[in-house]
1. Going through the stretch 23-42 one residue at a time, which ones are surrounded by fewer than 24 Cβ atoms within 10 Å (Cβ to Cβ) and part of a loop (DSSP other than H, G, I, E, B)?
2. Given 74, 62, which one is closer than 23 Å to residue 215 by Cα and more than 19 Å from the chain's Cα centre (by Cα)?
3. Give the stretch 165-184 a look and list any residue that's crowded, with 18+ Cβ neighbours inside 10 Å and either modelled with pLDDT of 95 or more or under 13 Å from residue 33 (Cα atoms) (or both), or say none.
4. Got at least one residue in the stretch 104-115 being closer than 23 Å to residue 31 by Cβ and in a helix (DSSP H, G or I)?
5. Are there any helices (runs of 4 or more DSSP H) wholly within the stretch 128-221 with 2 or more residues that are farther than 19 Å from residue 240 by Cβ and touching a strand residue (DSSP E or B) at 6+ places or on another chain (Cβ under 6 Å), and if so which?
6. Can you tell which of 73, 77, 88 is free of Cβ contacts under 8 Å to residues at least 24 places away in the same chain and within 23 Å of residue 198 (Cα to Cα)?
7. Pick from the stretch 199-219 the residues that are free of Cβ contacts under 8 Å to residues at least 40 places away in the same chain and touching a helix residue (DSSP H, G or I) at 6+ places or on another chain (Cβ under 6 Å): which of them is surrounded by the fewest Cβ atoms within 10 Å (Cβ to Cβ)?
8. Give the residues of the stretch 104-131 that are crowded, with 18+ Cβ neighbours inside 10 Å, over 18 Å from residue 161 (Cα atoms) and at pLDDT 95 or above, sorted by residue number.
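The values are calculated or read from the model by the stated rules, or taken from the named source; none is laboratory data. Computed from a predicted structure; not experimentally measured. Here Cβ is always computed from backbone atoms with ideal geometry, including for glycine, and neighbour counts include all displayed protein chains.
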């Protein structure tokens, strides 16, 4: 399944104002991997993602999706393989009805109406918003918009799912539902996020981006156990891996609250 492979070599990108956003980034992601891109604000994560679907073209270096080098001649084929979900769902939902947003991609592939409808309904069911198909996107909640945006990508049957801050702005229940949904996506996932606890739930591999460079690349457990590396990337451990300031045990936020309550009672 080489068409699921993402390979970035010596990628550099400089914005028109002279800002060097990416500086010789290289990595390879194989079929079926779930990979997190983490880093402080301005590290270059979103800029990097925009290169994986051809929204930006590198100043230097190459991006390869499977057997295809990403360029203007292969862009259409690459976008059939790589589905991208933007951080702001309003950037992805622009039609008068949710159904039309989800149908937009398949229609532009020139698919027959019966297959378009089948893909739309299947995608809406996958994210549990079929009942919203006739609703205007602007009347949806943040979590519903996120699901509709994901459905608009799933209707293209991508082999690689790329997401920018998928849990941003979601309430705890919507966040958990999204994580459960992403667990069900069987192919390759590349997720840029500040939600490090989500990373421990979804991603076996983590790449730290810092100042436009790859600072660390390894198993998520190893990356999050390396305090020197995290400090260099201006990151902290996920909350569930941090020690309770009262009992000094590695614990969850709920247990920290229990410790604080017990201390007050004493």
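1. 30, 31, 32, 33, 40, 41, 42 - these are the residues of the stretch 23-42 that are surrounded by fewer than 24 Cβ atoms within 10 Å (Cβ to Cβ) and part of a loop (DSSP other than H, G, I, E, B).
2. Going through 74, 62 in turn, the sole match is 62.
3. 182
4. yes
5. Values: elements: 142-154, 172-183, 196-202.
Answer list for the stretch 128-221: 142-154.
6. On the way: 73 fails: within 23 Å of residue 198 (Cα to Cα); 77 fails: within 23 Å of residue 198 (Cα to Cα).
That would be 88, the only listed residue that is free of Cβ contacts under 8 Å to residues at least 24 places away in the same chain and within 23 Å of residue 198 (Cα to Cα).
7. Looking only at the stretch 199-219, we keep the residues that are free of Cβ contacts under 8 Å to residues at least 40 places away in the same chain, and these are 201, 216, 218-219.
Then drop every residue that is not touching a helix residue (DSSP H, G or I) at 6+ places or on another chain (Cβ under 6 Å), which leaves 201, 216.
Details: 201: 16, 216: 20.
Only one residue tops the list, namely 201.
8. Once the filter is applied, which keeps residues that are crowded, with 18+ Cβ neighbours inside 10 Å, over 18 Å from residue 161 (Cα atoms) and at pLDDT 95 or above, the stretch 104-131 yields only 116.
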